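Every read-out reported here was derived from the displayed coordinates using simple, explicitly stated rules and does not represent laboratory data. No experiment lies behind these values; they were computed from the predicted model shown. When we count neighbours, we look across all protein chains shown, and the Cβ atoms used for this are built from the backbone with ideal geometry, even at glycine.
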Amino acid sequence: MRLQSKDAKIYVAGHRGMVGRAIWHDLQDAGYTNLIGRTSDELDLRDPHATRDFFEAEQPDFVVLAAARVGGILANNRYPADFLGDNLAIEQSVIRAAHEVGVDRLVFLGSTCIYPKHAPQPMPEDSLLTGPLEPTNQWYAVAKIAGHKLCQAMHRQHGDDMVTLMPTNLYGPGDDFDLETSHVLPALLRKAHEAKSRKPSGSDVPVTLWGSGEPKREFLYVDDLADAVRFVLETPEEEIREVAPDGMLNVGVGEDLSINELIGLIQDVVGHEGPVEHDRSKPDGTPRKLVDTSRMESLGWEAQTPLRTGIQRTYQWYLDSINS
């Protein structure tokens, strides 16, 4: 059942994270007045009993599952058990509870890292499970595949209206800029900013990239994902199932660029004029990750934020956060 009433109760799981916060604000701006959320201190979604009690008490009409343990290559490699175990536990708790209280629709947020390392480009939804995963983020990918498959199984066995969105690489205000855990775009923004700030004797210090810089990536501004979530919540189920019988929809911008091209754009936005160096002892990751967005486009949705504009907004947020 699609979202129609402005006072429908909508639970946004993970509403304090970058993605959940953007979804919350987008729904508010669209006039939805009955949003509910809990911090991780208030509700541990890994605990199925606490999660079920929360659902029984609140009886949400719609659920957006944006809560997850997330991070870049370094974090995935360092904490594989946490990335796999915590995400499996969150998905199981929330999806089961949503089924048991009979929510009208659940939207689960996955990730395009679920696709095989050498998937066809652009990657269609039906390339899932057709080849080996990229080893550097396989733990997170396996958990997200399991979450999608649980949604799919709930629909097949019980008729539950559960949809999975697979967003490409996300960035935006509220992103993680910790170099130990961040993804590539915020990491490079921070590196370029700090290199510019350490400028000695009139010349910027270098910025170091992991690997060759040749892999290509696609980047989606977080507010565009939030818009896509609301769009899907408001779209009739029969329209979604007509284009996505498996309940799975890629969300992206339909174009990518190399990491070398990305750092050039970031340098231009930041004003860093120093050299770029490559640490080739570090992994490149998947060679290319461009998603096929034809399903979402056929439903009538496309991303709106140009990459330069999104990077400028993200950098301004970062400057405001470190200067506050």
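Just a few scattered comments:
- C-alpha center-to-center spacing [region 262-324, region 134-157] in angstrom: 26
- Sorted largest first, the principal axis extents computed over the alpha-carbon atoms of region 76-130 equal 40, 30, 14 Å.
- Estimated from the Cβ-Cβ distance and a Förster radius of 30 angstrom, the FRET efficiency linking ARG52 and HIS25 is about 0.60.
- Derived scalar couplings ³J(HN,Hα) [region 239-248; Karplus, 6.51 cos²θ - 1.76 cosθ + 1.60; whole Hz; x for Gly, Pro]: 5, 5, 5, 5, 9, 9, x, 8, x, 10
- Cross-link check: pairs LYS149/LYS282; LYS199/LYS282; LYS117/LYS144; LYS144/LYS282 evaluated at a Cα-Cα cut-off of 22 Å; pairs beyond the cut-off: LYS149/LYS282; LYS199/LYS282; LYS144/LYS282.
- Given (i) 144; (ii) 265; (iii) 128, the label whose value is volume of the Cα convex hull per residue in Å³ derived from this model: (iii)
- Burial ordering of PHE177, PHE55, fewest other beta-carbon atoms within 10 Å first: PHE177, PHE55
- Proximity of backbone amide H atoms, modeled 1.01 Å from N, is registered between LEU220 and ASN169, LEU170, TYR171 at under 5 Å, excluding neighbours fewer than 5 places apart on the same chain.
- Shape category assigned to region 12-106 from the gyration tensor of Cα positions, a/c cut at 1.5: oblate
- Residue exposure proxy: LEU185, LEU133, ordered by other Cβ atoms within 10 angstrom of their Cβ from fewest to most, comes out as LEU133, LEU185.
- Using all pairs of distinct alpha-carbon atoms, the Kirkwood hydrodynamic radius of region 120-161 works out to 11.7 angstrom.
- Measuring how big region 194-273 is from its alpha-carbon positions, Rg and Dmax come out at 19.4, 64 Å.
- Region 182-245 and region 46-96 have Cα centres lying 23 Å from one another.
- Taking the number of Cβ atoms within 10 Å of each Cβ as an exposure proxy, the fewest-first ranking of ILE240, ILE10, ILE23 is ILE240, ILE10, ILE23.
- Straight-distance crosslink candidates among aspartates and glutamates, where the alpha carbon sits under 18 Å from LYS216 and sequence neighbours closer than 8 are dropped: GLU134, GLU255, ASP256, GLU261, GLU277, ASP279, ASP284, ASP292
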